[in-house]
Amino acid sequence: MPQRTSALPPLSFAVRSETDRLHQVIVHTPGPELELVAPEHRLTLLFDDLLFLEEAQAEHRCLCQLFEKVVGPEGAVLQITELLQQAFAVEDARMQFVEQLCQLQPEANLQAFARELRALSPEALLHFALTGQSPLPLNALPLPNLLFTRDLAAVVDDHLIVSHPATAVRARESLILRIILEHHPSFAGLRDRILYLPEGVTFEGGDLLVASPEVVLLGHSERTSLGGVAHVARALFAHTSVQHVLVVDLPKQRASMHLDTVFTFVSPDECVVFPPIFQQEGHLLHLMRTDTPERILTAMPSDLKAVLEALLDRKLTFIPCGGSNPIHQRREQWTDGANFFALAPGVVVGYERNHYTFEEMRRHGYRVVTAESFLAYYAESPFEPGEEKLAIKLEGNELSRGRGGPRCMTLPLARQS
């Protein structure tokens, strides 16, 4: 079961790499909101299909067990629902949630029920926040996408950037995170390290990858606007150690909605990539920090691998999602074959169904194991990453139908350098 958040260790923002050992992470094991996705609303809610809740929960709990084994007793696997429940214990948090929700969705006429919403118990308001259901003559859409906590924010170095979702249907998720960050006592000491973007731009956390303390990749995608890219880059240059931002221009389509759907790090010198995207010319922009905050240097290199190797000062191996067959590549990218999540350097988890991608991982020196066998092996002993590279297969037959992989379902707050 996911770790309870009632007695949290000290929280921190510390992400300087995609592959350092996981220490603290926010997740959301899906709940009743997933069963409230009506067929006629599924596309509005950004879902291609209706998921079977019990199976999706079982798969997600297995993922959380992997995280708990890796973070150990000193780390934390934080459930966003429990964090919000604890934040709602503060009356000001509940009042702010209702006030800002009414402003977010004026067309829903929530303002007419603002007094009644403020009078709801913390438990009833929590249920309304997640499911849109309430005892009032008022209902809103559920939040099935809360499962994908990655999109809510991104931690770079010792700062957290709060996302601006591209679709109105996800705006309530962003508000939930803001309430937690601004009212949960465990984040009290971190509030001066939270960065907010201006209105009018869009940015989602799946479009940001931390290659090193100095190098970040950003996707200009279906979900992250060019204005969002510019504001995130300026915020990183102003507040973190980042010196270089590589902007990857992605096709504006659902299949490649975020950068991490086509590119993820699995070790410090290995990436899993969807080859067709990176065979194109003119899809890359290099932004460089200067001593003048208002001025950013730009370049347009043609080869992401070459420029990354130069900036990181090491050779990189690009492992093809789906192997060498173009049809397998497209099929497995569609089911998140490129969306691996690193638990530690060279220890990654992905969906079991992406058979050809795991065969590629095996060819590149990874021992491929199931999540169940990994957990059974370490049932009585702590996990310590070593020289052996592991690719862990998560049974995700239900979760994968939501169009998001293990990286999509995580918001890392801290990794151990």
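Charged side chains reduced to their Cβ positions (Lys and Arg at +1, Asp and Glu at -1) give the chain a dipole of some 340 debye around its Cα centre.
Would you count, across the chain, every pair of lysines whose alpha carbons are under 25 angstrom apart, provided the pair is eight or more residues apart or spans two chains? Total qualifying Lys-Lys pairs in the chain comes to 6.
In the elastic network of the chain, a GNM with C-alpha springs shorter than 10 Å, the most mobile of Pro185, Pro198, Pro142 is Pro198.
Between the alpha-carbon centres of the range 1-70 and the range 176-216 there is a gap of 18 Å. For the chain, what log10 I(q)/I(0) values come out of the Debye formula at q = 0.08, 0.09 1/Å, with one point per alpha carbon and no solvent? Those come out to -0.40, -0.52, one per q.
Return a whole-number percent for the relative contact order of the chain, with Cα pairs under 8 Å and 6 or more residues apart as the contact set. 22 percent.
Just to be sure I understand: with springs between alpha-carbon atoms less than 10 Å apart, which residue in Ala56, Ala124, Ala230 has the highest mean-square fluctuation in the Gaussian network model of the chain? Most flexible of the set in this elastic network: Ala124. Taking the number of Cβ atoms within 10 Å of each Cβ as an exposure proxy, the fewest-first ranking of Ile26, Ile392 is Ile26, Ile392. Relative contact order of the range 139-182: 33 percent, from C-alpha pairs under 8 Å at least 6 residues apart in sequence. Backbone amide hydrogens, once placed in the peptide plane, bring Ala14 within less than 5 Å of Ala414, Arg415, excluding anything fewer than 5 places away on its chain. For the chain, the antiparallel share of DSSP beta bridges with both residues in that region comes to about 50%. Per-residue Karplus couplings for the range 374-391, computed as 6.51 cos²θ - 1.76 cosθ + 1.60 with θ equal to phi - 60°, are listed in order as 4, 5, 5, 5, 9, 4, 10, 9, x, 8, 10, x, x, 7, 6, 8, 10, 10 Hz, Gly and Pro entered as x.
Using the Karplus relation 6.51 cos²θ - 1.76 cosθ + 1.60 with θ = phi - 60°, the per-residue 3J(HN,Hα) values for the range 153-160 come to 5, 8, 9, 10, 6, 10, 10, 10 Hz, with x marking Gly and Pro. Residues whose amide H comes within less than 5 Å of that of His220, counting only those at least five positions distant or on another chain, are Val248, Asp249, Leu250 (H built at 1.01 Å from N in the peptide plane). Thr131: net charge of surrounding residues, Cβ under 14 Å, Lys/Arg +1, Asp/Glu -1, itself excluded? Counting the neighbours of Thr131, the net charge comes to -3.
Remark on Val368: its backbone amide H falls under 5 Å from those of Ala391, a criterion applied only to residues 5 or more positions apart or on other chains, H modelled at 1.01 Å from N.
For the range 206-217, backbone phi angles converted through the Karplus equation (6.51, -1.76, 1.60; θ = phi - 60°) give residue-by-residue couplings of x, 9, 10, 10, 9, 7, 6, x, 9, 10, 10, 9 Hz, Gly and Pro being listed as x.
The numbers here are math on the coordinates, done by the rules we state, and not lab data. The shown structure was predicted, so the numbers you read here are calculated from the model rather than taken from an experiment. Glycine also receives a Cβ, built like all others from the backbone with ideal geometry; neighbour counts cover every protein chain displayed.
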